[in-house]
1. Out of all the residues in region 121-129, is one or more of a type outside the set (A, V, I, L, M), closer than 30 Å to I59 by Cα, assigned by TED's automatic domain parsing to the domain that holds K176 and not in a strand (DSSP E or B)?
2. Filter region 114-130 for residues that are of a type in the set (S, T, N, Q) and surrounded by 15 or more Cβ atoms within 10 Å (Cβ to Cβ) and give the result.
3. What residue, of V74, V107, V57, is within 17 Å of the chain's Cα centre (by Cα), under 23 Å from R11 (Cα atoms) and either part of a strand (DSSP E or B) or not acidic (D, E) (or both)?
4. What single numbered condition from (1) surrounded by 13 or more Cβ atoms within 10 Å (Cβ to Cβ); (2) within 30 Å of A20 (Cβ to Cβ) fails to hold for D64?
5. Search region 1-29 for residues being assigned to a loop (DSSP other than H, G, I, E, B) and either surrounded by 12 or more Cβ atoms within 10 Å (Cβ to Cβ) or touching a His at 6+ places or on another chain (Cβ under 8 Å) (or both), and hand back the single one that is modelled with the lowest pLDDT.
6. Could you give every pair whose Cβ atoms fall below 8 Å, whose first residue belongs to region 87-99 and is more than 12 Å from S36 (Cα to Cα), and whose second residue is exposed (fewer than 13 other Cβ atoms within 10 Å of the Cβ), counting only separations of at least 6 or pairs across chains?
7. For region 153-166, indicate whether the set of residues that are within 20 Å of the chain's Cα centre (by Cα) and not acidic (D, E) is non-empty.
8. From the list G32, G44, G37, pick out the single residue that is at pLDDT 90 or above and assigned to a strand (DSSP E or B).
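The values are calculated or read from the model by the stated rules, or taken from the named source; none is laboratory data. Fair warning: this is a prediction, and the values are worked out from it, not measured in the lab. Cβ placement follows ideal geometry from the backbone for every residue including glycine, while neighbour counts extend to all protein chains displayed.
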Amino acid sequence: MYGPSEMAEDRESNGVKVIAKYKVCRVDTVLGISASGRTPYVIGALKEAKKRGATTVAITVNPDAKISKYADIVICTVVGPEVIAGSTRMKAGTAQKIVLTMLSTTVMVKLGMVYSNLMVSFRPISFKLRERAKRIVMVETGAGYEEASKVLEATDYDVKASIIMLKTGADYELAKEALKEANGNLEKALTAVVELKNRMQTT
């Protein structure tokens, strides 16, 4: 972490080793990032990941990138020559960072860590984050500051469970059970609460 390892990128075998180390398989997606599109390390990793059945993605700024041959999906941000020749941390790096931000944000949304346009999966361990949690619960449920604070304190600042409780009238245990059934996805958990209530009424 604290020392450079530039030479590591010169061997395809190093990329292969990393894919093997993490036991990549067909349920995984591997992103290969290379501004030039010809970094041996990235090529080796994508080759091995593809061989193991994983979905492979190449992120580059070179339309003729070699890594594209080993990718199921190619994201190419053509930015043109750098202001300082060879300094790919500038335009190329910035463009690739934007792509990664878009991808990671989309993944978080798909995993249910975002509800509406609100971030609901975080640990409010500081005063600032606890206040943010209260605002999120207030916006999503229409509760006032005192009510949102009371429910959050009762759930140890579980934002998702607090929203479920205020929206559906469920208690904390039922809210947690609904979230468990929905794998933490708040939108699905709100539906699961209704189903759980119906089950309880018929038993």
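1. Yes, region 121-129 has at least one match.
2. Applying the first criterion (of a type in the set (S, T, N, Q)) to region 114-130 yields 116-117, 121, 126.
Selection gives S121 alone.
3. On the way: V74 fails: within 17 Å of the chain's Cα centre (by Cα); V107 fails: under 23 Å from R11 (Cα atoms).
Answer to the check: V57.
4. (1)
5. Step one: of region 1-29, the residues assigned to a loop (DSSP other than H, G, I, E, B) are 1-5, 11, 22-28.
Pick out the ones that are also either surrounded by 12 or more Cβ atoms within 10 Å (Cβ to Cβ) or touching a His at 6+ places or on another chain (Cβ under 8 Å) (or both) and you get 11, 24, 28.
Values: R11: 91, V24: 97, D28: 97.
For region 1-29, the residue satisfying everything is R11.
6. M90/V83; M90/I84; K91/G80; K91/V83
7. First pass over region 153-166, keeping only residues within 20 Å of the chain's Cα centre (by Cα): 158-160.
Still in the running and not acidic (D, E): 159-160.
Within region 153-166, one or more residues are within 20 Å of the chain's Cα centre (by Cα) and not acidic (D, E).
8. On the way: G44 fails: assigned to a strand (DSSP E or B); G37 fails: assigned to a strand (DSSP E or B).
Only one candidate qualifies: G32.
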